[in-house]
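Could you have a look at this structure, given as structure tokens, before my questions?
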Amino acid sequence: MARSQWGFLTEKLEQLFYPQVCSFCDSLITEDDAGPRRYVCRACESDLPFRLNDEIYPGHTPFLLAVSFYYEEPLLLALRQLKFHGRTDFAPALASYLHATYQRLKLSCDVIIPMPLHYKRERQRGYNQAGLLGEALADLVGIPLLEDALLRVKASGRQSERRGREEKLANVQGIFEVGEDGLPALYGRRALLLDDIVTSGATMTEAGLCLQEAGIDVLGMACAAGGLRPD
């Protein structure tokens with residue numbers, strides 16, 4: 001059997017025994033709805049708070065920051081489920097929309113670096129949600145994911161408990177280091193720094209500056225950012 005025929009047969013068997021269901025509502029996604037909407041049905045997709053013509057999020061980082069969604073439900077529910085409740089299927093679902101933003105803005109990067117967690121937080125959670133998003137996005141873009149390029153070497157208090165941008169910036173000062181093992185792979189390359197949510201931009205700024213000080217060109221990207229959809 002030719003390789004293309006075998007691949008087609010394998011795909012059909014997967015659809016038969018492992019039917020695609022929507023990550024948001026668990027309804028079956030028909031074959032006609034597959035492809036770019038593989039993880040989200042059309043009805044749930046229509047409720048998502050896309051930024052579309054507002055995907056550049058200015059004034060929060062000293063480098064370009066691209067964001068796919070407004071900071072609203074039901075997207076926030078998906079991010080909470082991904083972050084705190086083990087719903088890792090939301091990572092490839094949301095990565096497909098990050099990829100669409102990447103293409104619409106004609107971004108060009110050589111590697112993806114996920115926002116790191118402190119090792120204690122990651123051990124407690126069992127995974128890094130930004131790493132899962134990065135893995136799925138890297139597959140779509142066709143560039144490497146470098147999970148050890150940036151390290152979170154100090155634990156910090158939760159940013160949500162800090163008031164004001166200055167207090168948030170102070171809370172994350174000096175918490176990142178560039179991994180020595182990852183530096184050779186980053187020379188002369190542009191990195192896409194990826195996180196799930198950006199609010200004040202303090203954490204993204206501190207991480208990006210750490211990379212820039214090591215001579216790495218940085219763009220930022222997140223699923224959602226603060227601010228509601230305009231009426």
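The values are calculated or read from the model by the stated rules, or taken from the named source; none is laboratory data. Here the structure is a predicted model, which means the values were calculated and not measured. No Cβ is skipped: glycine too gets one built from the backbone with ideal geometry, and neighbour counts run over all protein chains shown.
Pairs under 7 Å by beta carbon, first residue more than 19 Å from Leu137 (Cβ to Cβ) and in the same structural domain as Leu192 (by TED's automatic domain parsing) in region 62-74, partner exposed (fewer than 15 other Cβ atoms within 10 Å of the Cβ) and at pLDDT 95 or above, six or more apart or different chains?
As it stands, the answer is Pro74/Asp47, since those pairs meet every condition given.
Can you report the number of residues in region 121-134 which are in a helix (DSSP H, G or I) and in contact with a strand residue (DSSP E or B) (Cβ under 7 Å, 6 or more places away or on another chain)?
The number of residues fulfilling the criteria is 5.
Could I ask something else about it? Would you check if there is a residue in region 48-66 being part of a loop (DSSP other than H, G, I, E, B) and over 24 Å from Ala191 (Cα atoms)?
For region 48-66, residues part of a loop (DSSP other than H, G, I, E, B) and over 24 Å from Ala191 (Cα atoms): present.
Quick check, is Tyr97 under 10 Å from the mean Cα position of the chain (by Cα), assigned to a helix (DSSP H, G or I) and closer than 22 Å to Gly201 by Cβ?
Yes.
Is region 113-120 home to any residue that is in a helix (DSSP H, G or I), touching a helix residue (DSSP H, G or I) at 6+ places or on another chain (Cβ under 7 Å) and not small (Gly, Ala, Ser)?
No, region 113-120 contains no residue that is in a helix (DSSP H, G or I), touching a helix residue (DSSP H, G or I) at 6+ places or on another chain (Cβ under 7 Å) and not small (Gly, Ala, Ser).
Quick check on region 154-173. Is at least one of its residues in contact (Cβ under 8 Å) with a residue 24 or more places away in the chain and touching a strand residue (DSSP E or B) at 6+ places or on another chain (Cβ under 9 Å)?
So far as region 154-173 goes, yes, one or more of its residues are in contact (Cβ under 8 Å) with a residue 24 or more places away in the chain and touching a strand residue (DSSP E or B) at 6+ places or on another chain (Cβ under 9 Å).
Would you call Ala191 of a type in the set (A, V, I, L, M), within 23 Å of Pro92 (Cα to Cα) and touching a residue at least 60 places away in the same chain (Cβ under 8 Å)?
Judged against the criteria, Ala191 is a match.
Being crowded, with 23+ Cβ neighbours inside 10 Å and part of a helix (DSSP H, G or I) is the filter here, so list the residues in region 204-222 that pass it.
Met204, Ala207, Gly208
Looking only at residues in region 161-203 that are assigned to a strand (DSSP E or B) and β-branched (Val, Ile, Thr), which one is nearest to Glu135 (Cα to Cα)?
So the residue we want is Ile197.
Here's something else I'd like to know. Out of Phe69, Phe84, which single residue is more than 20 Å from Ala202 (Cα to Cα) and either buried (at least 21 other Cβ atoms within 10 Å of the Cβ) or of a type outside the set (D, E, K, R) (or both)?
Phe84
Among the numbered criteria (1) surrounded by 19 or more Cβ atoms within 10 Å (Cβ to Cβ); (2) in contact (Cβ under 8 Å) with a residue 24 or more places away in the chain; (3) within 21 Å of Asp26 (Cβ to Cβ), which single criterion is violated by Cys41?
(2)
So the check is Cβ under 7 Å with 6+ separation or different chains; which pairs have a first residue in region 127-141 that's in contact (Cβ under 8 Å) with a residue 24 or more places away in the chain and assigned by TED's automatic domain parsing to the domain that holds Met115 and a second one that's β-branched (Val, Ile, Thr) and buried (at least 21 other Cβ atoms within 10 Å of the Cβ)?
Pairs that qualify, where the first residue is in contact (Cβ under 8 Å) with a residue 24 or more places away in the chain and assigned by TED's automatic domain parsing to the domain that holds Met115 and the partner is β-branched (Val, Ile, Thr) and buried (at least 21 other Cβ atoms within 10 Å of the Cβ), are Gly134/Ile112; Leu137/Ile112; Ala138/Ile112.
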